[in-house]
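Asks: Structure in structure tokens, see below.
The values are calculated or read from the model by the stated rules, or taken from the named source; none is laboratory data. Note that the coordinates shown come from a computational prediction; the quantities given were computed from them, not determined experimentally. No Cβ is skipped: glycine too gets one built from the backbone with ideal geometry, and neighbour counts run over all protein chains shown.
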Amino acid sequence: MARRSSPTPPPGDFEERILDVDVVDEMQGSFLEYAYSVIYSRALPDARDGLKPVHRRILYQANEMGLRPERAHVKCARVVGEVMGRLHPHGDASIYDSVVRMAQSFSMRLPLIDGHGNFGSLGNDDPPAAMRYTEARLTSASMALVESIHEDTVDFGPNYDGSEQEPTVLPAAFPNLLVNGASGIAVGMATNMPPHNLAEVVAAARHLIKHPTADLDTLMRFVPGPDLPTGGRIVGLSGIRDAYESGRGTFKIRATVSIEAVTARRKGIVVTELPFTVGPEKVIAKIKDLVGSKKLQGIADVKDLTDRAHGLRLVIEVKNGFVPEALLEQLYKLTPMEETFGINNVALVDGQPLTLGLKELLEVYVDHRFTVVRRRSDFRRRKRQERLHLVEGLLVALVDIDEVIAIIRSSENATQAKERLMERFSLSETQTTYILDTPLRRLTRFDRVELEAEQAKLLSEIADLTEILESDNKLRSVVSNELGAVSKQFGTERRTVLLEAGAVPAATLSVPLEVADDPCRVLLSSTGLLARLADGEPVEPSDSRAKHDVVVSAVSATARGDVGVVTSAGRALRLPVIDLPALPPSPTLSLAGGAQVSEFLRLEDGERVIGLTTLDESSPGLALGTVQGVVKRVVPEWPANKDEFEVIALKEGDAVIGAVELRTGEEDLVFITSDAQLLRYPAGQVRPQGRPAGGMAGVKLADGARVLSFTAVDPAVDAVVVSVAAASATLTGGEHTSWKVTPFEQYPRKGRATGGVRCQRFLRGEDALAFAWAGPAPARAATAAGAPVSLPERDPRRDGSGTPVTGTIAVVAGPAS
């Protein structure tokens, strides 16, 4: 038993009064009072206007303050103070939090507050500024909620201290509860409702007005699912139907992502929309925790590139060697990039918390609008009838205005004048008082015409309003048309994509997280682009392209292996193949998807990439030729613990001019010099040497001559020699004047370190070759800018002169396969 003392006794009465109360009854009664107060006065929205008391009070008080969209913003602190002092008996923090939420476009599908200042960020990662800094006013949408509130459309009740009146519900010109959703936790119950598309909800409401017996499936043709402010993708629609039928259900929201090349070397998962109420900071923090705990692999970096101009942009860089699609499935599974939303449609109906389905929610709202329009029409009809009564009195007085004036002048006082006018013209007291209060200047013939026009207008409006009040069909038509106008004014396109569960596969177990070590080809282009291509795909660019990049070197490798990049300084740099961008399968190769060598390797000043090598120790090795005529075959012994190593010891002033991966060891090595000499001899004449060796004499050079080209040609294949002569072509080059394409078979083999044979006879004014190349046909030529150049027809004369050039050649290459 609990004891409760009686009230303080009056002075002089010292008798102790103790009231015995059962503690169970006391706890039960107090708890029920508290629970009802939380449910009805704080936590749950009304099903009619979709607002909790604090939101309703904010909108009503802001409207009373005149904070309309065409007016200036005012400090949020002023709004909060007015609401707290007049209507809301709670702290300022809860009021300001409600103001902030109604201003957030990522929280409300149709914001009700037009905020000026920092109102927070998605997921509350960045909290809003204090209310003394921010400003607010009503939006056009909130004006639709309070429209006609002073036309007796809703009931008013006393505020917390009985000093003022406040509305118990707003007229709500659109279904705010479904459009903006709601969330709240009461005692023993909670509500969690997602936002929807206004145009869709209004279309369903209008259909229900016209067809009151419509079933759920019909209504869901108009409202297929939620439409969240942050977009995203809803996966699985069965839970949505359960919620629309019973008021409870769940669905999954996925982020909207795309897989893009975020750098020249890496792909990334780019997130442009996150699940409702999830911010980028929350996702980043979770990813970092998973990476740090080794539960998530394959992520190189996470960057938040969100800004006001482009919106949300979260870039998750994927490490080379990992499949972005498989990693994305893990992100969905382990991070807030996929969230479950539990629908719980609990709202107040006639003061009682009920769980409502879609049709019930629409029915409650539509019935509310019927009541609002009916009460508004009755109010407007009464006002017009009152005005008509006054107008008719004035018209009666105007019929005999002279007598009216005579009666007034002959009366002792206003009371006597009123009584005599009422008796003489059979007027009511209200009409007579209005006549007496009307200035004489209004009682003219012109005013009579105006009054008669006003009388006709009032009679027409009263008839229309009476029709609304007496005809259910007319009432339904008015409500439907008003909803249509609201939809036209505020309706927007759907943001959230709805997907059936089967349309989006779950974690694809058949796709491994890491890239398989499959065979591939590594390609080097003439402009320094590197890429890898799956084995079996064509490695030749299309001849039909206006611009194309010539493949100057191609070697076999595996996706998780390494290749060597040989430079003009005689170095070989190890390059992981997995770091290279993979070219998509295509009938015609496009090297535009490759990346520049500088993205992967650091070269010295003046150093350039010459070719690729496989680093396969079972191959015949690498053949090198230098500008000063040195040749070398490198023993294929590559150090596994070094990322760069020397492949030839160069003399001062020398540089590697050509590096070729030998396939069989039976190829012919070919030197072409600036004085138009070509030397061809078998690769077997060059003894393999270790990496530190300096090579041996490869071709005998005349005074002032240098090596222009060093290649290896299989004598069993069709091959050609391309040479371009120039005027004043010194070691720095000159103007191209003539060119020639000669069958390779026309050149005989000679011994190593000899001078070779002439490959082109110079014309008058020509003194050297500016460009030369020997390799398999068909040969492709291009300019430095990538434009294709058509080569001349083959000239069978080994030492014949060339034909006039029709283009400038920067590179020539044969088939890369």
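Asks: Out of region 757-778, which residues are among the small types (Gly, Ala, Ser) and in contact with a Phe, Trp or Tyr (Cβ under 7 Å, 6 or more places away or on another chain)?
Replies: Within region 757-778, just Ala774 meets the criteria.
Asks: Of (1) touching a helix residue (DSSP H, G or I) at 6+ places or on another chain (Cβ under 8 Å); (2) at negative phi; (3) not hydrophobic (A, V, I, L, M, F, W, C); (4) not in a strand (DSSP E or B), Tyr332 satisfies all except one. Which?
Replies: If we test Tyr332 against (1) touching a helix residue (DSSP H, G or I) at 6+ places or on another chain (Cβ under 8 Å); (2) at negative phi; (3) not hydrophobic (A, V, I, L, M, F, W, C); (4) not in a strand (DSSP E or B), just (1) comes out false.
Asks: For region 686-693, check the following and say yes or no: at least one residue is surrounded by fewer than 24 Cβ atoms within 10 Å (Cβ to Cβ), in the same structural domain as Ser556 (by TED's automatic domain parsing), over 55 Å from the mean Cα position of the chain (by Cα) and over 15 Å from Lys632 (Cβ atoms).
Replies: No, that holds for no residue.
Asks: Within the set of pairs 6+ apart or on separate chains, which have a first residue in region 100-129 that is without any contact (Cβ under 8 Å) to a residue 60 or more places away in the chain and in a loop (DSSP other than H, G, I, E, B), a second that is crowded, with 17+ Cβ neighbours inside 10 Å and of a type in the set (Val, Ile, Thr), and C-beta atoms under 8 Å apart?
Replies: Pairs that qualify, where the first residue is without any contact (Cβ under 8 Å) to a residue 60 or more places away in the chain and in a loop (DSSP other than H, G, I, E, B) and the partner is crowded, with 17+ Cβ neighbours inside 10 Å and of a type in the set (Val, Ile, Thr), are Pro111/Thr139; Gly117/Thr134; Asn118/Thr134; Phe119/Val100; Phe119/Thr134; Gly120/Val100; Pro128/Val100; Pro128/Thr134.
Asks: Related question: For region 228-255, give me each residue that is closer than 21 Å to Leu198 by Cβ and in contact with an Asp or Glu (Cβ under 7 Å, 6 or more places away or on another chain).
Replies: Within region 228-255, Thr230, Gly231, Gly232, Leu237, Ile253 qualify.
Asks: Among the residues in region 281-292, are any part of a strand (DSSP E or B), in contact with a strand residue (DSSP E or B) (Cβ under 8 Å, 6 or more places away or on another chain) and in contact (Cβ under 8 Å) with a residue 12 or more places away in the chain? First the steps, then the outcome.
Replies: Residues of region 281-292 part of a strand (DSSP E or B): none.
So far as region 281-292 goes, no, none of its residues is part of a strand (DSSP E or B), in contact with a strand residue (DSSP E or B) (Cβ under 8 Å, 6 or more places away or on another chain) and in contact (Cβ under 8 Å) with a residue 12 or more places away in the chain.
Asks: So Val551 passes all but one of these: (1) of a type in the set (Val, Ile, Thr); (2) at pLDDT 90 or above; (3) crowded, with 21+ Cβ neighbours inside 10 Å. Which condition number does it fail?
Replies: So Val551 meets the others, but not (2).
Asks: While we're looking at this one, here's another question. Within the bounds of region 726-738, is there any residue that is within 23 Å of Thr527 (Cα to Cα), part of a loop (DSSP other than H, G, I, E, B) and at pLDDT below 85?
Replies: Within region 726-738 (the criterion being within 23 Å of Thr527 (Cα to Cα), part of a loop (DSSP other than H, G, I, E, B) and at pLDDT below 85), the answer is yes, since at least one residue qualifies.
Asks: Looking only at region 260-280, count every residue that is within 27 Å of Pro584 (Cα to Cα) and part of a loop (DSSP other than H, G, I, E, B) and tell me the total.
Replies: Of the residues in that region, 5 qualify.
Asks: What do you reckon, is Pro743 assigned by TED's automatic domain parsing to the domain that holds Gly536, surrounded by 18 or more Cβ atoms within 10 Å (Cβ to Cβ), at pLDDT 90 or above and within 28 Å of Ser525 (Cα to Cα)?
Replies: No.
Asks: Listed residues Leu312, Leu305; which is loosely packed, with under 14 Cβ neighbours inside 10 Å, in contact with a strand residue (DSSP E or B) (Cβ under 7 Å, 6 or more places away or on another chain) and not assigned by TED's automatic domain parsing to the domain that holds Pro127?
Replies: Only one candidate qualifies: Leu305.
Asks: Could you list, in sequence order, the residues of region 511-535 that are of a type in the set (A, V, I, L, M) and either crowded, with 23+ Cβ neighbours inside 10 Å or in a strand (DSSP E or B) (or both)?
Replies: Residues of region 511-535 that are of a type in the set (A, V, I, L, M), as a first pass: 511, 513, 515-516, 522-524, 529-531, 533-534.
Correct list: Val522, Leu523, Leu524, Leu529, Leu530, Ala531, Leu533, Ala534.
Asks: In addition: Just to be sure, is Gly800 touching a Leu at 6+ places or on another chain (Cβ under 7 Å), within 30 Å of Glu666 (Cβ to Cβ) and not polar (S, T, N, Q)?
Replies: Values: touching a Leu at 6+ places or on another chain (Cβ under 7 Å): no; within 30 Å of Glu666 (Cβ to Cβ): yes; not polar (S, T, N, Q): yes.
Judged against the criteria, Gly800 is not a match.
Asks: Need at least 2 residues that are surrounded by 15 or more Cβ atoms within 10 Å (Cβ to Cβ) and in contact (Cβ under 8 Å) with a residue 24 or more places away in the chain per element, so show me which strands (runs of 3 or more DSSP E) inside region 154-259 make the cut, counting only ones lying wholly within it.
Replies: Numbers: elements: 156-158, 165-167, 182-185, 190-193, 233-235, 248-254.
In region 154-259, the matching strands (runs of 3 or more DSSP E) lie at 165-167, 182-185, 190-193, 233-235, 248-254.
Asks: Do any strands (runs of 3 or more DSSP E) entirely within region 623-667 hold 3 or more residues that are more than 22 Å from Ala774 (Cα to Cα) and either of a type in the set (D, E, K, R) or touching a residue at least 12 places away in the same chain (Cβ under 8 Å) (or both), and if so, which?
Replies: The strands (runs of 3 or more DSSP E) meeting that bar are 644-646.
Asks: With (1) closer than 30 Å to Thr496 by Cβ; (2) at pLDDT below 95; (3) in contact with a strand residue (DSSP E or B) (Cβ under 7 Å, 6 or more places away or on another chain); (4) not charged (D, E, K, R) as the list, and Pro69 as the residue in question, which single condition is left unmet?
Replies: With respect to (1) closer than 30 Å to Thr496 by Cβ; (2) at pLDDT below 95; (3) in contact with a strand residue (DSSP E or B) (Cβ under 7 Å, 6 or more places away or on another chain); (4) not charged (D, E, K, R), Pro69 is out only on (2).
Listed here are the residues, each with its yes/no results for (1) among the acidic types (Asp, Glu); (2) within 21 Å of the chain's Cα centre (by Cα); (3) more than 25 Å from Ala190 (Cβ to Cβ).
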site	(1), (2), (3)
Asp215	yes, no, yes
Phe222	no, no, yes
Asp227	yes, yes, no
Arg233	no, yes, yes
Arg241	no, no, no
Ser246	no, no, no
Thr277	no, yes, no
Pro280	no, yes, yes
Leu296	no, no, yes
